[in-house]
1. For the stretch 100-197, count the residues as N, evaluate 2.2 N^0.38 Å, and divide the Cα radius of gyration by that value, please.
2. Sticking with the crude label model, points 7 Å out along Cα→Cβ, report the distance from residue 86 to residue 148 in nm, one decimal please.
3. Find, among the trypsin sites (Lys or Arg not before Pro) in the stretch 82-150, those assigned to loop by DSSP (not H, G, I, E, B) with at most 14 other beta-carbon atoms within 10 angstrom.
4. So what is the 222 nm mean residue ellipticity for the chain from helices alone, if each DSSP H run of at least 4 adds -39500 (n - 2.57) and you divide by all residues, rounding to the nearest 500 deg cm²/dmol?
5. For Cα pairs less than 8 Å apart in space and 6+ apart in sequence, what is the mean separation divided by the residue count of the stretch 99-197, i.e. the relative contact order in percent?
6. Taking 22 Å as R0, compute the FRET efficiency from the Cβ-Cβ separation of residue 36 and residue 116 and round it to 0.05.
7. What Kirkwood hydrodynamic radius, in Å, does the stretch 10-74 give when the mean of 1/r is taken over all pairs of distinct Cα atoms and then inverted?
8. Starting from the Cα gyration tensor of the stretch 93-149, take the square roots of the eigenvalues, sort them a ≥ b ≥ c, and report rounded, prolate or oblate (rounded when a/c is under 1.5, otherwise prolate if a/b is larger than b/c, else oblate).
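Here, each number is a calculation from the coordinates, and none is a lab measurement. Just so you know, these numbers come straight off a predicted model, no measurement behind them. Neighbour counts run over all protein chains shown; Cβ positions are idealised from the backbone, glycine included.
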Amino acid sequence: MTQSSVVLRTEDGFELPMDLDLWLSDPTAADGELLKRAVGPVLDVGCGPGRHVWALARNGVVALGVDASRSAVDIALSRGVPVLQRSIFDPLPGTGRWGSLLILDGSVGIGGDPVALLRRASELLRSGGRALVEVGPPGSDSRNFHARLESGAGCTTWFPWACLGVDAVPEVAQRAGMDWAEIWNTEGRWFARLTKL
């Protein structure tokens, strides 16, 4: 599987390229700005190879990654990054005690329902804890759908996924029982900081 060949294909045929080079690289300046807003301990949801957890640990912040993908977890562990192979909806350590949750690099799509994902985030956070969420730019779609990963080596089965645009953040946060505190963009990427009520 070459890095350039992987796409996320939606059930209606739309292709979303997967930026594996970004996931395997060091954190960008945009990531660094976001990580300054993280209050420990930090749980990185859908952490992939764990670049954010690695960066936080390097700066003395207690952090743990969680990802359902065995291959992503193997890469993270080979780099010395603490991760668990689990779904965010599985039982996790520290429930109700995390200071921040990271939901980045498209991970807001996990489970196909951003409201349910953010409700789960709220369960994991301590009172006043924050979720730092990467979202789509203004005018982008917010929708639930089925998708699969495709590469030259084949494809996965269909799974529920979602996109969340920045315009929908206030409504989705309210439905999830969270308060949106900040929205910003850096290097063409858009982020929201939500707070557990």
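1. Working: Rg = 13.8 Å, N = 98, 2.2 N^0.38 = 12.6 Å.
Taking N as the residue count of the stretch 100-197, the ratio is 1.10.
2. 3.0
3. Details: sites: 86, 97, 119, 120, 126, 130, 143, 148; in loops: 86, 97.
Filter output for the stretch 82-150: 86, 97.
4. Working: 6 runs with 47 residues, N = 197.
Value at 222 nm, helices only, nearest 500: -6500 deg cm²/dmol.
5. Working: 213 pairs, mean separation 33.4, N = 99.
Computed over the stretch 99-197, the figure is 34 percent.
6. On the way: r = 28 Å, r/R0 = 1.29.
Once rounded, the FRET efficiency stands at 0.20.
7. Details: mean 1/r = 0.0772 Å⁻¹.
One decimal place: 13.0 Å for the Kirkwood radius.
8. Working: a/c = 2.46, a/b = 1.81, b/c = 1.36.
Judged from the Cα gyration tensor, the stretch 93-149 comes out prolate (a/c at least 1.5, a/b above b/c).
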